[in-house]
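The values are calculated or read from the model by the stated rules, or taken from the named source; none is laboratory data. The shown structure was predicted, so the numbers you read here are calculated from the model rather than taken from an experiment. So basically every Cβ, Gly included, is an ideal-geometry build from the backbone, and we count neighbours across all protein chains shown.
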Amino acid sequence: MSMNSQGRPSTPVATGSQHDTETVSGSKGLYQFEPLIFETDRWGKTGVDLPKAKGTKSRLGGVERTGKAELPGLSEPETVRHYMRLSQRNYAIDLGLFPLGSCTMKHNPRLNEKMARLPGFADIHPMQPQASVQGALELIDELATWLKTLTGMPAVAMSPKAGAHGELCGMLAIRQALISRGEADTRKRVLVPASAHGTNPATAAQCGFIVDEIGADKRGRVDMDDLRAKLEKTDDVAGIMLTNPNTCGLFETDIKEIADLIHEAGGYFYCDGANFNAIVGRVRPGDLGIDAMHINLHKTFSTPHGGGGPGSGPTVLSEALAPFAPVPFILKDEDGFRLVEEAEEEAKESFGRMASFHGQMGMFVRALSYMLSHGADGLKQVAEDAVLNANYIQAKLKTVMTPAFDGFCMHEALFSDKFTAEGIETIDIAKALIDEGYHPMTMYFPLVVHGAMLIEPTETESKAELDRFCGALESVARRAAQDDDTLKGAPYLAPMKRLDETHAARKPVLKWAPPAPEQLAAE
Amino acid sequence: MRYLPLTQEDRADMLSAIGANSVDDFYTDVPESARLPGTVPGLPDHQGEFAVERYLTKLASKNVTASDSAFFVGCGAYKHHVPASIDMVIQRSEFLTTYTPYQPEIAQGTLQTLFEFQTQVAEITAMDVANASMYDGATSCAEAAVMACRATRRKKVVLSGGLHPHYAASTKLLCEAQGIEVVQLPAAIDGELELAGAVDDATACVIGQSPNVFGTITDMTPVADAAHEKKALFVSVFTEAVSLGLVKPPGEMGADIAVGEGQSIGNSLNFGGPYVGLFAATQKLVRQMPGRLCGETTDAEGKRGFVLTLSTREQHIRRDKATSNICTNSGLCALAFTAHMTLLGGKGLHDLAVLNHEAACDLADALEAVNGVEILTPRFFNEFAFRVPMNAADALQGLLDRDVVGGVRVSRLYPHEDELSNVIVCAATECTTPEDIAAYASALKEILS
């Protein structure tokens, strides 16, 4: 009989004892151990092939670096493997549902990536002659038209680099409008609901405003009595910052009255557009009386979150604020498109410049690709499916978990921790969800709901995936209600056990340092 | 719609499970006058992948790319080679399609790369600590100014005459909104050391740049000394990160805060964004820093891991008392930066810097030989300013007509400095070939003759 005629088929064999799950290498099956790049023997080496320098010329005039930058250089195979292995320690949308409320983790279409990499967009310089970048300027202008039309607003500032930067843009426009009215020194108070994203009060403070918090009512909306009381004195009011749909996943029913009240008080209405995905294509914020709103292209318009950016935060502006928009912006005349880069002449009322160049072009290409793909009909469907999916989750879980508010939600479902047994916290549910193969929901936000769990599925999840997710969360929620204290140790199945964040903050280690000599001797 | 998995049947099933008649039930809180009867008017309906690709490709083809021509544009963004493996790394779904690493047990990939990024940035700037990135160079600079005011409890900053005007404008904007006085020194090709004489007891910080917007490199140690004598901080700015491989870095000049643009390493030109702001400081100032910081810790079993840390500085905890309003930063661009630095290592960065410098020296030699050209930058890395005996805009248009993208006319950055209206700033990098340089010199010769 030849060796290979039968092969060596494997068959499970019962063994008496459980094998130790620790390994010598630190790797476990497909999971590969990977040290820091500094823990390699590639110090003083490099992984790039560069032509030899001639070594003859210098016009440095003696301003040379004295100590060399000491960093290891890995070869390409080592580099690729390093990042490949590290990538496998990350959860991602492309792996599964990513229900972070208020973050809109939707599918990132691959066409958008391909388009952003066209050399005509990726390999052009922000300061090259404008005659040589007419296609790029046209694209920005086209995207601006889409954003203005979808929001029903007359103007948009394209340069803000992320959502919080867009907030800054809107609030600086308000500040500039107050300066032009001669009231910047007196109108300092900005009303911000207690449920707001932290960026709202932080932005207001960065613009020199004073934050005045307004409460929420029992329905999770702005407490109108509190608002009216806070507007009794009007001559110091600069404006209001309000998220709509709000961070409780609810539409502010009194939004038009809020707009009227703030305008009557002489202030402006900043709307945080983080949750635009719930209403895109169905409701135009311009019809609600707002003065400014940033749009997170990395939320509603699907540009990838990239592990924390880059984002992009174009900010639409009302007629009242449009003259104060930042530079640069694009104008079209008989010679084609051109950039207005200085806050003078055509932009003499502009509040100035916010960033190095013209905005997040790479994100603009992706967002326009997304918009063109969906069209007006598809975007309406996006909002409706996002809201339908969230309500489906709320309906399926409302008997085991505690919905924070009655009635339908918009694009995210909010629960409180009321249903949990004493001692079990929101964080325990979140970490147990990791063991079930899901990224946790947003936890402990908004602050107005105890032990908040905010779930935003987005429109790019199928019904089958929602059913699986609800099944997993339901089982975790039942364990939480029954005081299953094994939840406190979760996650058990992730690459790492629960990490000690308190220790990290006490004595921060923010970069790698070579091991001390005594430690080396001990090894 | 290819990106929407729900079928009509699913939708009907789900509505009945919810107990709603139609999706309209979910929108009853919207004021009636704001409910659109149909789709948003004035926009086209959906299109197939091919149609979208064709349209965008056509737009892209209307632009002249940096690889299509002899290309010499700098002033804050630089045409460098990005190794093919970098794009592969940042297109890994686990990096591309994940969120800020708030759940560290399932985000160690992102967190470890950020820890490595911070270590690399600290090392090349010769500073103690670096954060996990900012939006871009200009916004980093603005944040450094307000951070210095916070740290010193003073309300005045002084900007050098060589600080990139876009950085100066962004800094002025944020400072003035917070009631901080900004003193701008007059535009100067070689004037960074003037900062030393401009610092007084009210000054929170002085901000100088090397290489500056005209390409001039300066040992700003005297500026740091003068600032420290008055208990002010010195903020050191760079727009060309590759220069750190060869030129005196902020930490060797006594900088308290180092900020700059990281685009040059690992990132494409992208018409100005997304880029990656670098932000480093001394250990003493760490709790005043803006943005994310990644730190080392252990898990429940004592294994080393990484988490976002010192978040009590940040907006989601501290709200209106936060050090900055920044939330999303430039995560994926930072990944591209760190992956490229991982390939380069300290040696590769140095070698790359030398190539850049030699290309710029060759370019300067060639242009200097053209009749009428005067090089104005006394010491430079890979970028310098030169004067032509004609309007710079016309000279650049003439060059463009000859397939040479010759640089930036200084009047685009300083519209009111008439004596700079015939000055051009040009840059060379490792991508610049001897043929490009020859093409530039001969085209310029033609134009000036």
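Among what's in the stretch A:100-115 and is more than 7 Å from chain B (Cβ to nearest Cβ) and in a loop (DSSP other than H, G, I, E, B), pick the residue that is nearest to B:Ile90 (Cα to Cα).
A:Lys106
This table checks each residue for (1) touching a Leu at 6+ places or on another chain (Cβ under 6 Å); (2) at the interface with another protein chain (Cβ under 8 Å from one of its Cβ atoms); (3) hydrophobic (A, V, I, L, M, F, W, C).
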{"residue": "A:Gln32", "(1), (2), (3)": "no, no, no"}
{"residue": "A:Lys45", "(1), (2), (3)": "no, yes, no"}
{"residue": "A:Glu78", "(1), (2), (3)": "no, no, no"}
{"residue": "A:Phe98", "(1), (2), (3)": "no, yes, yes"}
{"residue": "A:Arg117", "(1), (2), (3)": "no, yes, no"}
{"residue": "A:Gly120", "(1), (2), (3)": "no, yes, no"}
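Per-residue answers, yes or no, for (1) over 30 Å from A:Ile255 (Cβ atoms); (2) touching a residue at least 12 places away in the same chain (Cβ under 8 Å); (3) more than 7 Å from every other protein chain (Cβ to nearest Cβ); (4) hydrophobic (A, V, I, L, M, F, W, C):
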position: B:Ser22; (1), (2), (3), (4): no, no, yes, no
position: B:Val40; (1), (2), (3), (4): no, no, no, yes
position: B:His46; (1), (2), (3), (4): no, yes, no, no
position: B:Val82; (1), (2), (3), (4): yes, yes, yes, yes
position: B:Ile90; (1), (2), (3), (4): yes, yes, yes, yes
position: B:Thr98; (1), (2), (3), (4): yes, yes, no, no
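Tally up the residues in the stretch B:304-320 that are closer than 18 Å to A:Gly307 by Cα and more than 7 Å from chain A (Cβ to nearest Cβ), please.
4
Which condition breaks for A:Phe419 when tested against (1) more than 9 Å from chain B (Cβ to nearest Cβ); (2) more than 17 Å from B:Ile18 (Cα to Cα); (3) in a helix (DSSP H, G or I)?
Of everything listed in (1) more than 9 Å from chain B (Cβ to nearest Cβ); (2) more than 17 Å from B:Ile18 (Cα to Cα); (3) in a helix (DSSP H, G or I), A:Phe419 misses just condition (3).
Do we have B:Asp365 as at the interface with another protein chain (Cβ under 10 Å from one of its Cβ atoms) and more than 28 Å from the chain's Cα centre (by Cα) here? Working first, answer last.
Working: at the interface with another protein chain (Cβ under 10 Å from one of its Cβ atoms): yes; more than 28 Å from the chain's Cα centre (by Cα): yes.
Spelling it out, B:Asp365 is indeed at the interface with another protein chain (Cβ under 10 Å from one of its Cβ atoms) and more than 28 Å from the chain's Cα centre (by Cα).
Could you identify the single residue in A:Gly308, A:Gly313 that is free of Cβ contacts under 8 Å to residues at least 24 places away in the same chain and outside any strand (DSSP E or B)? I'd like the intermediate steps shown before the answer.
Numbers: A:Gly313 fails: free of Cβ contacts under 8 Å to residues at least 24 places away in the same chain.
Only one candidate qualifies: A:Gly308.
Just checking, does the stretch B:48-63 include any residue being surrounded by 18 or more Cβ atoms within 10 Å (Cβ to Cβ), modelled with pLDDT of 95 or more and farther than 22 Å from A:Glu113 by Cβ? Walk me through how you get there before you give the answer.
Going residue by residue through the stretch B:48-63, those that are surrounded by 18 or more Cβ atoms within 10 Å (Cβ to Cβ) are B:52-53, B:56, B:59-60, B:63.
Pick out the ones that are also modelled with pLDDT of 95 or more and you get B:52-53, B:56, B:59-60, B:63.
Of the ones still in play, those that are also farther than 22 Å from A:Glu113 by Cβ are none.
Checked against the condition, which is being surrounded by 18 or more Cβ atoms within 10 Å (Cβ to Cβ), modelled with pLDDT of 95 or more and farther than 22 Å from A:Glu113 by Cβ, the stretch B:48-63 yields no hits at all.
Have a look at A:Ala355, A:Ala376 and point out the one that is within 10 Å of another protein chain (Cβ to nearest Cβ), within 23 Å of A:Ile140 (Cβ to Cβ), touching a residue at least 24 places away in the same chain (Cβ under 8 Å) and in a loop (DSSP other than H, G, I, E, B).
Working: A:Ala376 fails: in a loop (DSSP other than H, G, I, E, B).
Result: A:Ala355 is the single residue among A:Ala355, A:Ala376 that is within 10 Å of another protein chain (Cβ to nearest Cβ), within 23 Å of A:Ile140 (Cβ to Cβ), touching a residue at least 24 places away in the same chain (Cβ under 8 Å) and in a loop (DSSP other than H, G, I, E, B).
Being buried (at least 16 other Cβ atoms within 10 Å of the Cβ), out of contact with any Leu (no Cβ under 9 Å at 6 or more places or on another chain) and not in a loop (DSSP other than H, G, I, E, B) is the filter here; which residues of the stretch A:324-352 pass it?
Answer for the stretch A:324-352, where residues must be buried (at least 16 other Cβ atoms within 10 Å of the Cβ), out of contact with any Leu (no Cβ under 9 Å at 6 or more places or on another chain) and not in a loop (DSSP other than H, G, I, E, B): just A:Ala347.
Could you please give the count of residues in the stretch B:387-410 that are within 30 Å of A:Glu64 (Cα to Cα), crowded, with 24+ Cβ neighbours inside 10 Å, in contact (Cβ under 8 Å) with a residue 24 or more places away in the chain and not β-branched (Val, Ile, Thr)?
Here the count works out to 2.
Surrounded by fewer than 22 Cβ atoms within 10 Å (Cβ to Cβ), over 22 Å from B:Gln120 (Cβ atoms) and without any contact (Cβ under 8 Å) to a residue 12 or more places away in the chain - does that describe any residue in the stretch A:66-87?
There is no residue in the stretch A:66-87 that is surrounded by fewer than 22 Cβ atoms within 10 Å (Cβ to Cβ), over 22 Å from B:Gln120 (Cβ atoms) and without any contact (Cβ under 8 Å) to a residue 12 or more places away in the chain.
Quickly run through the stretch B:129-172 and pick out the residues that are within 8 Å of another protein chain (Cβ to nearest Cβ) and in a loop (DSSP other than H, G, I, E, B).
B:Ala132, B:Ser133, B:Tyr135, B:Asp136, B:His164
For A:Glu142, state whether it is part of a helix (DSSP H, G or I), at the interface with chain B (Cβ under 9 Å from one of its Cβ atoms) and more than 21 Å from A:Thr315 (Cα to Cα). Walk me through how you get there before you give the answer.
Details: part of a helix (DSSP H, G or I): yes; at the interface with chain B (Cβ under 9 Å from one of its Cβ atoms): yes; more than 21 Å from A:Thr315 (Cα to Cα): no.
No, not satisfied.
Could you tell me which residue of the stretch A:421-446 is nearest to A:Gly220 (Cα to Cα), considering only residues that are crowded, with 22+ Cβ neighbours inside 10 Å and of a type in the set (D, E, K, R)?
Ranking the candidates gives A:Asp428 first.
Looking at the stretch B:100-114 only, could you name the residues that are within 7 Å of chain A (Cβ to nearest Cβ) and either part of a helix (DSSP H, G or I) or free of Cβ contacts under 8 Å to residues at least 24 places away in the same chain (or both)? Break it down stepwise before answering.
We begin by selecting, within the stretch B:100-114, every residue within 7 Å of chain A (Cβ to nearest Cβ); these are B:100-101, B:103-110, B:112-113.
Those that are within 7 Å of chain A (Cβ to nearest Cβ) and either part of a helix (DSSP H, G or I) or free of Cβ contacts under 8 Å to residues at least 24 places away in the same chain (or both): B:Gln103, B:Pro104, B:Glu105, B:Ile106, B:Ala107, B:Gln108, B:Gly109, B:Thr110, B:Gln112, B:Thr113.
Conditions tested, residue by residue: (1) touching an Asp or Glu at 6+ places or on another chain (Cβ under 9 Å); (2) closer than 30 Å to B:Phe381 by Cβ; (3) within 8 Å of chain A (Cβ to nearest Cβ); (4) hydroxyl-bearing (Ser, Thr, Tyr).
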| site | (1), (2), (3), (4) |
| --- | --- |
| B:Tyr3 | yes, no, yes, yes |
| B:Ala12 | no, no, no, no |
| B:Arg54 | no, no, no, no |
| B:Ser61 | no, no, yes, yes |
| B:Ser67 | yes, yes, yes, yes |
| B:Ala70 | yes, yes, no, no |
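With respect to A:Leu368, is the statement that it is modelled with pLDDT of 95 or more and surrounded by fewer than 24 Cβ atoms within 10 Å (Cβ to Cβ) true? It would help to see each step written out before you state the result.
Details: modelled with pLDDT of 95 or more: yes; surrounded by fewer than 24 Cβ atoms within 10 Å (Cβ to Cβ): no.
Taking the combined requirement at face value, the residue does not satisfy it.
Quick test for you: out of A:Leu50, A:Leu60, pick the one residue that is touching a Lys or Arg at 6+ places or on another chain (Cβ under 9 Å), without any contact (Cβ under 8 Å) to a residue 24 or more places away in the chain and either among the hydrophobic types (A, V, I, L, M, F, W, C) or more than 12 Å from every other protein chain (Cβ to nearest Cβ) (or both). Steps first, please.
Details: A:Leu50 fails: touching a Lys or Arg at 6+ places or on another chain (Cβ under 9 Å).
Only one candidate passes the filter, namely A:Leu60.
Of the numbered conditions (1) free of Cβ contacts under 8 Å to residues at least 60 places away in the same chain; (2) in contact with a helix residue (DSSP H, G or I) (Cβ under 9 Å, 6 or more places away or on another chain); (3) more than 18 Å from A:Phe98 (Cα to Cα), A:Leu433 satisfies every one except a single condition; which is it?
(3)
I'd like to check something: does the stretch B:321-329 contain any residue that is at the interface with chain A (Cβ under 7 Å from one of its Cβ atoms), touching a residue at least 40 places away in the same chain (Cβ under 8 Å), within 28 Å of A:Val80 (Cβ to Cβ) and in contact with an Asp or Glu (Cβ under 8 Å, 6 or more places away or on another chain)?
The answer is no; no qualifying residue exists.
For the condition of a type outside the set (Ser, Thr, Tyr) and free of Cβ contacts under 8 Å to residues at least 40 places away in the same chain, what is the one hit in A:Lys332, A:Lys299, A:Lys233? Reasoning before the result, please.
Numbers: A:Lys332 fails: free of Cβ contacts under 8 Å to residues at least 40 places away in the same chain; A:Lys299 fails: free of Cβ contacts under 8 Å to residues at least 40 places away in the same chain.
A:Lys233 is the lone residue from the list that is of a type outside the set (Ser, Thr, Tyr) and free of Cβ contacts under 8 Å to residues at least 40 places away in the same chain.
Among the residues of the stretch A:202-228 satisfying the criterion of being within 12 Å of another protein chain (Cβ to nearest Cβ) and touching a residue at least 40 places away in the same chain (Cβ under 8 Å), which is farthest from A:Arg353 (Cα to Cα)? Quick ask: steps written out before the conclusion?
At the first step, the residues of the stretch A:202-228 found to be within 12 Å of another protein chain (Cβ to nearest Cβ) are A:202-213, A:219-221.
When the remaining residues are screened for being touching a residue at least 40 places away in the same chain (Cβ under 8 Å), the result is A:219-220.
Values: A:Arg219: 40, A:Gly220: 37 Å.
This residue is A:Arg219.
What number of residues within the stretch B:25-37 are of a type outside the set (A, V, I, L, M, F, W, C) and either facing another protein chain (nearest Cβ under 7 Å) or in contact with an Asp or Glu (Cβ under 9 Å, 6 or more places away or on another chain) (or both)?
The number of residues fulfilling the criteria is 6.
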